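Asker: Below are the structure tokens for one structure; questions will follow.
The values are calculated or read from the model by the stated rules, or taken from the named source; none is laboratory data. Fair warning: this is a prediction, and the values are worked out from it, not measured in the lab. Positions of Cβ are backbone-derived with ideal geometry, glycine not excepted, and every protein chain shown enters the neighbour counts. Each accessible area value is taken on the protein alone, full model and side chains, heavy atoms only, with ligands, DNA and RNA left out. Shrake-Rupley method; radii C 1.70, N 1.55, O 1.52, S 1.80 Å.
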Amino acid sequence: MGNLPSILTPDFGLLFWMLVSFLVVFLLLAKFGFPAIVKAVEERKNFIDESLKNAREANEKLAGIKTESENLLRDAREKQAQIIKEAMATRDGIIAEAREKAQAEGRAQLEEAKKAIEAEKEVALRDIRSQVADLSVQIAEKVIRRKLQADGEQEKFIERMLNDIK
């Protein structure tokens, strides 16, 4: 084993200096490097934790906003349905009112027309009666003149009339 290179079979001096250099590097790293590395890792961990916390809050806010928007949308739909129902009720009321008013006006016009027809009928009947009376008088006058031209006939006619009256 005497032929092996010295790197594979280290001497005590080499081991000592390797240990010393390792401890120096380790102490330097422990004093300056590890705190910086740990600090950077802690800062990164805090940043990640903060980011996760902010993401959770954002998700919660988003869920809240989503719920709120769904509620608002539902309320808006309910109000829309209510407004449509009110508009339909108002429309139906206006139509019913207009129908009733038209029927009332129609009845009033019909009554007016009936009254006008009745008045015209009365006027026409009076006029016809008047004309019939005038014609009757004229006819009677002509008939009586013709029959009463003789004096004897006049006396007979007067007696008949007196007999009829009694």
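Asker: Please give, to one decimal in nm, the separation of the simple spin-label points placed at Phe47 and Glu111, each 7 Å out from Cα toward the Cβ.
Answerer: With each label point 7 Å from Cα toward Cβ, the separation is 9.3 nm.
Asker: Report, to the nearest 10°, how far helix 12-28 tilts away from the longest principal axis of the Cα atoms in the chain, using its own Cα long axis and a range of 0 to 90°.
Answerer: Here the helix axis deviates by roughly 30 degrees.
Asker: Net charge near Lys66: determine it from the other residues with C-beta under 14 Å of the C-beta of Lys66, scoring Lys and Arg +1 and Asp and Glu -1. Provide the component values of the computation, followed by the final result.
Answerer: Values: positive: Lys61, Arg74; negative: Glu60, Glu68, Glu70.
That works out to -1.
Asker: Pop a pseudo-label 7 angstrom from the Cα along the beta-carbon direction at both Ala36 and Glu120 and give the gap in nm to one decimal.
Answerer: 12.0 nm
Asker: For the chain, find the longest principal axis of its Cα atoms and tell me its angle to the long axis of helix 151-165, 0 to 90°, nearest 10.
Answerer: In the chain, helix 151-165 runs at an angle near 50 degrees to the longest axis.
Asker: Next up: Give the angle, between 0 and 90 degrees and rounded to the nearest 10, that separates the Cα long axis of helix 34-147 from the longest principal axis of the Cα atoms of the chain.
Answerer: 0 degrees
Asker: Okay, moving on. Rounded to a whole number, what % of the accessible area of segment 75-132 do carbon and sulfur atoms account for, probe 1.4 Å? Can you show the working numbers first?
Answerer: Values: 3010 of 5270 Å².
For segment 75-132, the apolar C and S fraction of the accessible surface comes to 57 percent.
Asker: Okay, moving on. Give me the accessible area of Lys66, 1.4 Å probe, in Å² rounded to the nearest 10.
Answerer: Its accessible surface works out to 120 Å², give or take rounding.
Asker: Quick check for me: using +1 on Lys/Arg Cβ and -1 on Asp/Glu Cβ, what's the dipole size of the chain about its Cα centre, in debye to the nearest 20?
Answerer: Values: 28 positive and 29 negative charges, 35 e Å.
Rounded to the nearest 20 debye, it is 160 debye.
Asker: Extending each Cα 7 Å along its Cβ direction at Arg160 and Met18, get the distance between those two points in nm, one decimal.
Answerer: A separation of 18.0 nm, rounded to one decimal place.
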